[in-house]
Structure formats: structure tokens, C-alpha cells
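The block underneath contains the structure these notes are about, expressed in C-alpha cells.
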Amino acid sequence: MHMKLNRLAALAVFLLTATWAVGQTGLIRGTVFDATTNDPIPFATVVLEGEASGASTDFDGQFELTDVPAGLRNVTVSFVGYQTQTVFEIEVTPARPAVIRVGLSEQAIAIEAAEVVTERRATQGEAPLSVRSLGTNEIKRNPGGGRDISRAIRTLPGVAAIPSFRNDIVIRGGSPNENRFYIDGIEIPNINHFATQGASGGPVGMINVDLVENIDFYAGAFPAARGNALSSVLEFKFKEARTDEWTANLVVGTSDLGLTLEGPTGEHSSLIASFRRSYLQLLFEALGLPFLPIYNDYQFKWTARPDDRNAITVLGLGALDDFELNLALAEDTAAENYLEQVAILGYLDVQTQWNYTQGAKWDRYQDDGRWTFVASRNMLNNRAYKYADNNADSTLLRDYLSREIENKFRAERRRNFESGWETTYGAGAEYVKYENSTLDRALDTAGVLQPVEFASNFKAWKYGAFAQANRRFADNRLTWSMGLRLDGSSAAEGLRNPLKYTSPRMSLSWAFAPGWTWNANTGIYRQLPAYTVLGFADAAGNRVNASADTRFLTNYQAVTGVRWESDASNRVVSVEGFWKQYADAPVSINRGIALANLGADFGVVGNEAVTFDGVGRAYGVELLVQQRLNRGFYGLLAYTFVRSEFEQADGWVPSSWDNRHILSATGGKKWDSGWEVGARLLVSGGLPYTPVDPESLSIDQWDFYGRPLPDYALLNAERNGAFHQLDIRVDRKWFFDRWSLDVFFEVQNATGAAVPQPPVVDVARNPLTGAPLLGDTPGYYASRTLDPSSGTVLPALGIIVEL
């Protein structure tokens, strides 16, 4: 009884302290500078949103806002002759000052023009449409997202809802390998653990959101400086570490444990670094799942600013992933789902994968712009193998080992002219090394299993140049932009000539009324075939896909739309229509389908013979209604209608990413007391799927693959039903003098709605041993059909401690 009273007393003291701490205040410190020259801007006005007065910057461009209520706050920065900018959701705590850097761009416009477009924020001249931005807090609080960036992106228009445990990023009907990722201008090959080589998906995000300041998400109108993208470009901006003191952030998340440190490393430099270790394998083992994913990652950003004219960034991230099998499940013959577990263990490969990216960037500011020099290196090592009966002393059925290494350099010049022209131009080169050792079997065009065994490697150069110019006309109402890229590679004869692969693009933006703009873009975009395609070889080691017939995948795009913005309410409404036409897409010779239909599973895409003659298309309409944080409320409504198709011998066939209808509604409320409640409702059309080939039940095929194979003659002839999912998240945050505590609870699929899935065909099995049973047809196993659709409710609890 005495112990219970002590615990209650301790809890009461904690709650009283927490309630008192909620009323505390903090500081916001920062620097305001010219985004072109990096020079400080003195006497700029900095105002907390909702307040009539604020602070002014000093001669060094620095400011301090005092007595700011703890929580998330918006700050507006303005100065005569510059575009006003609002920094959303700055996290203020009494434990440490919030530190921000705000770059303002010049806006030399006539007074009468300003009176017309007072409600309109300036759009980026190079990409006036199909660009969305997400801040770090929008990602963290995404209901059901588990602080995963790839899942937070799914709240945006044009992004498909994939009803699985994977993070495949599918934009406007394009395949997962059509996306490109940059962190502070340094390209990284992938953002997910357990990545599908030749695509970009994986089950768990690799980037720690605690390092992210914001993301610019381009679904079209890609700047000329960003090549090799057909569906999206994601520009991540990592936080610049604070320079006043060292701080720490400890996160016990839904699947991993993470530690983030940041602080000064000298008078003009600072470092932010993160380390994470998963405990997902412990949860999966406790739940009795047949696979045990284990991942580790690190990432860091070091910044040095020796003076106002120079900025140096060194960045790195890497991951070590192991995908083990939970073989103990095959021994529990009394388990209710014993046969299902044996079936899954029968076809899953053991995987080990590691990767890293290291890069450095030097920004050299000039009076009229800046030079940027970027050098980086990234490497992927991917191993997957399978023994018969999962016994290492038995026959090795499959063994795949591949390495990709890229060494990159890019020089880029941004220059603004007094005449109003803004230009970007530059060039880049990459030195590539690729190795592949494969032991496998594959079906030929006659449906007969043939051995596939080879070792190949190649070294090649990739090179490109780009230029883009934009200018405003008609009293700043009309913005015109034009760009051009040239790309080539020595990886194959057909890829060498960059003049053969020019990529022109053009954009227009017209501010026709207060807050309203009409925007349009058209262009040609190119993508190099995946290294898995270029590195595939025959038994003699000859690369069969590297010839004079090899082509860049080409995509013709046209986008147009209308956008309305309100500074007063932090609200955005936009409608866009898009058209994408594909040409020269890699097509599997044995399967007879475009490789773009693959990539939604573990493994490798492109390790086979192909032709470069695939044709596809995607088109649709998007609606966005976004409410940034305003008076504690926020929300985002996105609707997408999309059709995605590839041309087969008998006409147009839906691609594997043809959702058709996607509706996502996310919203929430924050209170000054530290409570926050958010929810997301997703309603989506079902994806098409390819039915099972009855021949895959033959003894020869099943004993090798351990699973049914699709009948690609009936590519995507069936379709899953529509599905919906409701995710809910509740946060409670406490602020203390030297630290803060955030406890969150979220529920994925709160209503337990079943997600329709294709029926699973398995062989009939002996209930005691799990061994396949022969059927009535000689040479074939008997079959059984399972319904994998389920409506599991997934609760999760997380704790964040900031020191």
C-alpha cells in the first residue's frame, strides 16, 4: 500500500510539473540572408504569425524572438525588394533556442503588379507546377506513417497507394525505378532498406526524419540540372546543425531505436549525425512471422561556413540489412498456420545487403549567383541465395551477388542578370563499375526451365550537360522558362552519342488574378537502363543487352493546371492534368512484358535479356487542397485519377500501377496544452494483377521456385477490389527546462478493414510434414487456393526524448 501511494504521489508531481511546463516559453534565433549572394540582410522584419510586431535583423542579418510560447510556430520574414517568406512549424522548447536560416530572393517588380498578386507566393521559375513541399513535422506526425518519409509522401496527389508492407514510390502511373533522390544537392541511389535492385522500393525507409528540414517533391517539370528522372525528383534538405551547443534526440519508434546528435565542431562549423538499429526482427519473431528483417543505418551532415562567400557540406549515409528466415516455424507442425508458414519459407531467399553514399559540396557565392561543385561516391552490395529445403548442406538453387559503384562529379552555375534573366548551367560526369555473378534458372519463351549462370562486369562513363533560363514578363505576371539536357554513356554503343538523347523542356506561369496562377509544362525526359539490364550476360560473359540497339528510356510529358494560394490562411488549392508517353522501354524477351510492370517485391529487376521497344502511357487529373498549420489546424486532401498502360500485341493493357482512383484525406489539431490528434483516411481503387500460370504447378518448376509464377500472356487481366484504411495518431508533448518528452500512439487500419489481395495458389501439402502432394495429372502437384486478404489492426507506441 505504501509503495502504491508513493507511485501515485510521483505521478501527481510529474503531471503538475508537466502542466506548469506547458506554459513556458522559448527563443527563436536565426539569420536572414540573400539567397543569391549569401550576404546577410540587415533590418529585415521577422514576425511570429498572429502577432502584430516582431524583431528586426542586425547588421549581420541575425535576429532573436523572445518569449515565444512553446510548441510549433510559424514565422514570416520580409524586407523591401525581396519576396516574403514564411517558415512553417518551427519547434520551440524552453530547453534550447530554435535556430533557423532564411534565404530571401529578390523581387524587383512594379508596384502595380504587387497590388495584383499580393496573395501569391513566388513560384520557382524552373518548375512552376507539380511541386509540393513537406516539412519535418508534417512527416513525423503523419498518421500510420511511423515517421517514414516514403509513407508520408503517399498523402500527396499523384502518389499511388500500394496495399502492402513495402515503400514503393509510384508517381502518376510510373514504375518505382523512375524516381531520383537528392540530399542537399548530392544524389543518393535509394531511400529504403532492403531495396529492390533495379527499382527503388523497400519495406522500411532509410532516411531518419530527425535530420530532415524539408522535402521538395517534383512530380513533373523537372529542372534540367536533375537528369535520369521520369516520374519524380525528391530534393531533401537536411538540417544545418546548431552552432551554439550540443543536443541529443533519442527515439524509441515503432520498429527501431535511434539517436541523433548535433552541435558545433568549431567556430564556423557544425555536425548533425544519426544512428539507428531495428528491433523489428524481435517483433516479427514474437508474432510468428516467417521472415526476420534486421537493419542498421547511419547518416550525417557536416557544414562549414568560413565566410559569407563559401559554404562546404560533407554528407554521408549508409545501411546494413539482413533478411533472415524464421526456420523455427517449420518445426511447429501443431501451429494453426503451419502449412502457410512452410509455403512462405519455401520460396523466400536469404538476403544480405549494404550500401553507402559519401559526398561533398562546395558553394562559392558571387555577386550575381553562385558556383556549386559536387563530388560523391555510392556503392551497393547485394547478395541473395536459396538452398533446397533451406538446408545449407543441400543443393544451392539460386545465388546472386552484385555490386554497383558510382563516382560522380557535377559543376553547376546559377547566375542572375540585371535584365531579369535567371540561368542555370553546368555539366556532370560519372565513372561506374558494375559486377554480377548469377546462378539461377529461368523459363525460356517455350516455358522450359533453362540454366542461367554467368559472371560479368563492366566499367563505363556517364556524362551530361544542362542549361536552363527563365524570366518574368508583363509586370511579373508571366514567367517563362526553357531548359535543355544532353546525356550519354559509354556502357553501350547505342548510348554513346549525347546529341541523340537531347531533353528539351519548357514551362509557363501566368498570374491572372490575386492569388491565382495558370501553369503549364512540356518536355522530353530520358533515363539510362538499370545496371542490372546493362550487366546481364550469357554463359560466355557477353553482355547481351549492351549493343547498338540499346536505348535510353524516353518519356514525353505535358502538364497543365490552375493554383490558388492564400497567405492569410496558409491555404493552397490546385488542379492539374498530366499526360506521359513512354518509348524505348526495356521489354523482357522471355516474359514479353515491359520491365516497368515489375519491382513490387524483393529481389532484382532487369537481370535478363531485353529488347528496347516498349511503349506505354499514363494520364490523369489531380486535386490538392492543403491547409498548412494555422491556429492549430492542418489538413491535406488529395484526389488522383490515373490510367497507366503498356502496349501489348493485343492492344493497351493496364500496367501494374494502374490504381485509377486514389483519395487521401489527412488532418489534425494541435493544442497549446501539448496534445495533438491526427487521422488519415485512404480510399483507393485496386491494382491489377496477373493470374497464375497453371504450368508453374509442374514438379520441375515448383521444386525450383517454391511458388506459382504469373501467366504473362494474361498480363494484369484481373483486378483487386477497392480498399480503404483509416489511421489515427495521438501525441502528447511535455516541455521541461532542460529536456522535452513526446509520447505518441498510433493505430494503422483502425477499422480493421480487409485489403483485397490476389488469391494465393499453393500446392496441397501433407499436414504433418508440409511436403507437396501429387495431383491427378502426372508430373504436377495438387493445388489449393488461399485468400490472403486480411484486416489487421496495428497499434504502435513511440517515445521521443530531446535533450
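The values are calculated or read from the model by the stated rules, or taken from the named source; none is laboratory data. Everything quoted here is computed from the prediction, not taken from an experiment. A quick note on method: Cβ atoms are made from the backbone with ideal geometry, for glycine too, and the neighbour counts reach across all protein chains shown. The accessibility values were calculated without ligands, DNA or RNA, using every heavy atom of the protein model including side chains. Shrake-Rupley method; radii C 1.70, N 1.55, O 1.52, S 1.80 Å.
Worth a mention:
- For T84 and T611, the FRET efficiency from 1/(1 + (r/R0)^6), where r spans their Cβ atoms and R0 equals 41 Å, is about 0.15.
- Cα gyration tensor category, rounded, prolate or oblate, for segment 620-734 with a/c compared to 1.5: oblate
- Value of [θ]222 nm, deg cm²/dmol, for the chain, DSSP H segments ≥ 4, -39500 (n - 2.57) each, nearest 500: -2000 deg cm²/dmol
- Overall Cα dimensions of segment 652-803, principal axis frame, Å, largest first: 76, 44, 25
- Sequence-distant aspartates and glutamates (8 or more away, or on other chains) whose Cα lies within less than 17 Å of K361: D184, E187, E235, E240, D307, D308, E406, E412, E430
- Extension gain, V621-D711: 0.36 nm per intervening residue step, less the Cα-Cα distance, totals 29.2 nm.
- Counting DSSP beta bridges with both ends in segment 45-87, the antiparallel % (nearest 5): 100
- Computed from point charges on the beta carbon alone (+1 for Lys and Arg, -1 for Asp and Glu), the dipole magnitude for segment 408-541 about its Cα centre is near 660 Debye.
- In loop segments of segment 586-687 as defined by DSSP, the trypsin sites (Lys or Arg not before Pro) with at most 15 further C-beta atoms inside 10 Å of their C-beta are R631.
- Shape call, segment 146-301: gyration tensor on alpha carbons, a/c limit 1.5: oblate
- Rounded to the nearest 10 degrees, the angle from helix 338-347 to the longest Cα principal axis of the chain is 80 degrees.
- Length gained on full extension, F59 to N407: 121.1 nm, using 0.36 nm per residue less the C-alpha separation.
- Accessible area per residue in Å² at 1.4 Å probe, computed on the chain: 41
- Total formal charge among the other residues, if their Cβ is under 11 angstrom from that of E240, Lys/Arg +1 and Asp/Glu -1: +3
- Stretch gain in nm, segment L289-Y431, where the contour uses 0.36 nm per residue and the Cα spacing is subtracted: 47.0 nm
- Each Cα pair under 8 Å and six or more residues apart adds its sequence gap; the mean of these over the residue count of the chain is a relative contact order of 11 percent.
- Coil-residue chymotrypsin sites (Phe, Trp or Tyr not before Pro) of segment 273-361, DSSP, other Cβ within 10 Å capped at 14: Y279
- Unit charges on C-beta of K, R, D, E only; dipole of segment 305-411, Debye: 960
- Listed by chain and number, the lysines placed with their C-alpha closer than 30 angstrom to that of K580 are K237, K408, K462, K500; residues fewer than eight positions away on the same chain are left out.
- Long-range HN-HN contacts of V692 with modeled amide H, under 5 Å: D711
- Sequence-distant residues sharing a close amide H with Q366 (under 5 Å, placed H): W371
- Distance cut-off 11 Å, percentage of C-alpha pairs in segment 462-509 lying past it: 68
- Diffusion constant of the chain at 25 °C, which comes from Stokes-Einstein with the Kirkwood Cα-pair radius and 0.890 mPa s, µm²/s: 87
- Global geometry of segment 433-474, whether rounded, prolate or oblate, following the gyration tensor of its Cα atoms and the 1.5 cut on a/c: oblate
- Crossing angle, helix 2-22 versus the chain [Cα axis fit, 0-90 degrees, rounded to tens]: 60
- Per residue, the convex hull around the alpha carbon atoms of segment 315-377 comes to 128 Å³.
- Accessible carbon and sulfur surface of segment 438-575 relative to its total accessible area, %, 1.4 Å: 60
- Sites H724 and N390, calculated FRET efficiency, Cβ-Cβ separation with R0 45 Å, nearest 0.05: 0.75
- Chymotrypsin sites (Phe, Trp or Tyr not before Pro) restricted to DSSP loop in segment 138-209 with at most 10 other C-beta within 10 Å: F165
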